[in-house]
Amino acid sequence: MKYFWLHSVRAYIKLAFFFYLKKIEINNEDRLPKNKPVIILANHQNALIDPLLIASQSKVFSYFLTRAGVFKKPIVKKILKSLQMLPVYRVRDGWSNLTNNTSIFLECSKLLSKNKVITIFPEGNHNIQRRVRPLSKGFTRIVFETLESFPEADLQLVPIGLNYKKANQFGDSAAVYFGESISAKSYLNLDRNEAVKQLKNDVQLALTKLTTHIPETNYKTTETQLEQLNVDFLNPIAVNNCIASNFKSCKATNKLQVNNFKILFKFLLVLLLILPFIVWKYVAKPKIKEIEFIATFRFSIAITLVPLWIVLLTVILGLTLGWYVGVIYLVSVFTMALLAVKL
């Protein structure tokens with residue numbers, strides 16, 4: 001029953017992304033080891049979209065370490081746990097709650113001893129900037145405690161780079177890059193403090209190669225230059241080489257001209273989904289204080305309110321004007337959504 005639920009949710013989220021994102025590229029997923037305990041370590045730019053992207057596009061079911069603040073409401077807590085999300089506590093959650101991480105990390109070690117997969121965002125928070133921020137050492141604690149408790153476990157660490165063209169836009173594109181797996185046991189011959197430092201450095205270096213990494217110094221200037229060149233942010237290797245060469249090796253591309261048909265199809269889609277659009281535009285969006293949450297709230301409305309509206313209006317039209325009208329509306333919504341996003 002559990003796996004039926006997980007398969008159903010993954011299929012639904014994957015379908016939703018098909019209509020929400022223009023394209024999704026998955027690169028080198030074969031680097032994810034099979035029949036071994038694995039910790040996926042990913043950069044974190046786009047709030048809830050990041051874990052949903054990994055969960056829906058990966059072939060394995062992963063457990064996710066998620067900030068404890070979202071587990072406060074009982075019904076939400078129950079749903080998140082059914083989706084294999086585990087709460088992790090931070091200083092902002094209160095010093096007294098930090099001790100709860102001991103049991104969470106122990107649960108992670110037990111899961112890894114059974115060759116499960118756990119996904120962690122080691123930066124510790126999200127930020128829409130195109131750079132890998134310093135990593136927290138929480139993930140290293142799970143790594144070494146697992147090796148201590150289960151020395152036979154061949155624990156593998158797989159860095160993943162999540163890349164977006166414009167993370168907060170509707171109809172954006174995404175690219176997921178799986179890096180080479182790192183054997184956790186290779187750090188056991190080092191002093192613990194040195195091992196933690198080396199592991200953090202190695203993972204951070206790997207992540208900076210799998211996603212666009214703009215150094216913090218002169219960040220805004222560099223980002224503006226890259227955007228003016230219209231570089232392909234779905235190709236982090238090329239973009240990082242461009243930055244490293246001081247823009248001498250950059251491959252500029254022509255900016256796409258305004259597609260009037262695309263604008264028309266978006267307008268028609270808004271008309272067909274007028275109530276969800278109003279809720280998004282005038283209720284949800286004004287309350288968003290951090291740009292990183294724009295895509296999360298928009299996608300949340302897309303997978304909850306939009307389907308309810310489509311079903312309700314289809315039924316109303318079917319009962320009042322005839323089912324052929326209801327079917328025409330239903331087909332029109334999906335057609336306009338595809339044209340508005342994929343063109």
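Condition test on residue 43, is it in contact with a strand residue (DSSP E or B) (Cβ under 6 Å, 6 or more places away or on another chain), surrounded by fewer than 16 Cβ atoms within 10 Å (Cβ to Cβ), closer than 30 Å to residue 201 by Cβ and not hydroxyl-bearing (Ser, Thr, Tyr)?
It is false that residue 43 is in contact with a strand residue (DSSP E or B) (Cβ under 6 Å, 6 or more places away or on another chain), surrounded by fewer than 16 Cβ atoms within 10 Å (Cβ to Cβ), closer than 30 Å to residue 201 by Cβ and not hydroxyl-bearing (Ser, Thr, Tyr).
The rows are residues; the columns are (1) closer than 21 Å to residue 142 by Cα; (2) among the acidic types (Asp, Glu); (3) assigned to a helix (DSSP H, G or I); (4) touching a helix residue (DSSP H, G or I) at 6+ places or on another chain (Cβ under 7 Å).
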site	(1), (2), (3), (4)
3	no, no, yes, no
11	no, no, yes, no
14	no, no, yes, yes
30	no, yes, yes, no
47	no, no, no, yes
51	yes, no, yes, no
64	yes, no, no, yes
70	no, no, yes, yes
87	yes, no, no, yes
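Residue 174 - would you say it is surrounded by 13 or more Cβ atoms within 10 Å (Cβ to Cβ) and aliphatic (A, V, I, L, M)?
Against the criterion (surrounded by 13 or more Cβ atoms within 10 Å (Cβ to Cβ) and aliphatic (A, V, I, L, M)), residue 174 qualifies.
With respect to the numbered conditions (1) within 18 Å of residue 54 (Cα to Cα); (2) in contact with a helix residue (DSSP H, G or I) (Cβ under 9 Å, 6 or more places away or on another chain), which one is the sole condition not fulfilled by residue 207?
(2)
Checking the condition of a type in the set (Lys, Arg) and surrounded by fewer than 12 Cβ atoms within 10 Å (Cβ to Cβ), which residue from 262, 266, 342, 248 passes?
Criteria check complete, one pass: 248.
Take the residues of region 131-165 that are free of Cβ contacts under 8 Å to residues at least 40 places away in the same chain and assigned to a loop (DSSP other than H, G, I, E, B): which is surrounded by the most Cβ atoms within 10 Å (Cβ to Cβ)?
By that ranking, first place goes to 133.
For region 283-297, state whether one or more residues are part of a loop (DSSP other than H, G, I, E, B) and among the polar types (S, T, N, Q).
No, region 283-297 contains no residue that is part of a loop (DSSP other than H, G, I, E, B) and among the polar types (S, T, N, Q).
Given the residues 166, 137, which is the only one that is at pLDDT below 95 and either in contact with a helix residue (DSSP H, G or I) (Cβ under 7 Å, 6 or more places away or on another chain) or not basic (Lys, Arg) (or both)?
137
Applying the selection to region 181-205, what residues are over 15 Å from residue 158 (Cα atoms), in contact with a Leu (Cβ under 8 Å, 6 or more places away or on another chain) and open to solvent by 60 Å² or more (accessible area, probe 1.4 Å)?
188, 198 - these are the residues of region 181-205 that are over 15 Å from residue 158 (Cα atoms), in contact with a Leu (Cβ under 8 Å, 6 or more places away or on another chain) and open to solvent by 60 Å² or more (accessible area, probe 1.4 Å).
Kindly indicate which of 214, 237, 243 is of a type in the set (A, V, I, L, M), closer than 29 Å to residue 157 by Cβ and open to solvent by 80 Å² or more (accessible area, probe 1.4 Å).
Only one candidate qualifies: 237.
Here is a check on your reading of the model: is residue 106 of a type outside the set (Ser, Thr, Tyr), over 30 Å from residue 216 (Cβ atoms) and more than 22 Å from the chain's Cα centre (by Cα)?
It is true that residue 106 is of a type outside the set (Ser, Thr, Tyr), over 30 Å from residue 216 (Cβ atoms) and more than 22 Å from the chain's Cα centre (by Cα).
Tell me, please, whether a residue that is of a type in the set (Val, Ile, Thr) and more than 22 Å from residue 125 (Cβ to Cβ) can be found in region 63-75.
yes
Which numbered condition trips up residue 76, out of (1) in contact (Cβ under 8 Å) with a residue 24 or more places away in the chain; (2) β-branched (Val, Ile, Thr); (3) outside any loop (DSSP other than H, G, I, E, B); (4) open to solvent by 40 Å² or more (accessible area, probe 1.4 Å)?
Here residue 76 clears every test but (1).
Would you tally the residues in region 314-339 being open to solvent by less than 40 Å² (accessible area, probe 1.4 Å), closer than 23 Å to residue 279 by Cβ and not small (Gly, Ala, Ser)?
5
For region 19-28, give me the residue count where each residue is within 30 Å of residue 333 (Cβ to Cβ), part of a strand (DSSP E or B) and open to solvent by less than 60 Å² (accessible area, probe 1.4 Å).
Number satisfying all stated conditions: 2.
Which pairs have Cβ atoms under 9 Å, sit 6 or more apart or on different chains, and link a residue in region 176-192 that is modelled with pLDDT of 95 or more to one that is part of a strand (DSSP E or B) and among the charged types (D, E, K, R)?
These pairs meet every condition: 176/25; 177/25.
Of the residues 212, 253, 217, which single one is at pLDDT 95 or above, at negative phi and of a type in the set (Val, Ile, Thr)?
212
Consider residue 311 against the criteria (1) open to solvent by less than 50 Å² (accessible area, probe 1.4 Å); (2) over 27 Å from residue 47 (Cβ atoms): it satisfies all of them except one. Which criterion is unmet?
(1)
The values are calculated or read from the model by the stated rules, or taken from the named source; none is laboratory data. Predicted, not measured: the structure shown is a model, and the values here were computed from it. Heads up, the Cβs are rebuilt from the backbone with ideal geometry, glycines too, and the neighbour counts pull from every protein chain shown. Accessible surface areas use protein heavy atoms only, side chains included; no ligands, DNA or RNA. Shrake-Rupley method; radii C 1.70, N 1.55, O 1.52, S 1.80 Å.
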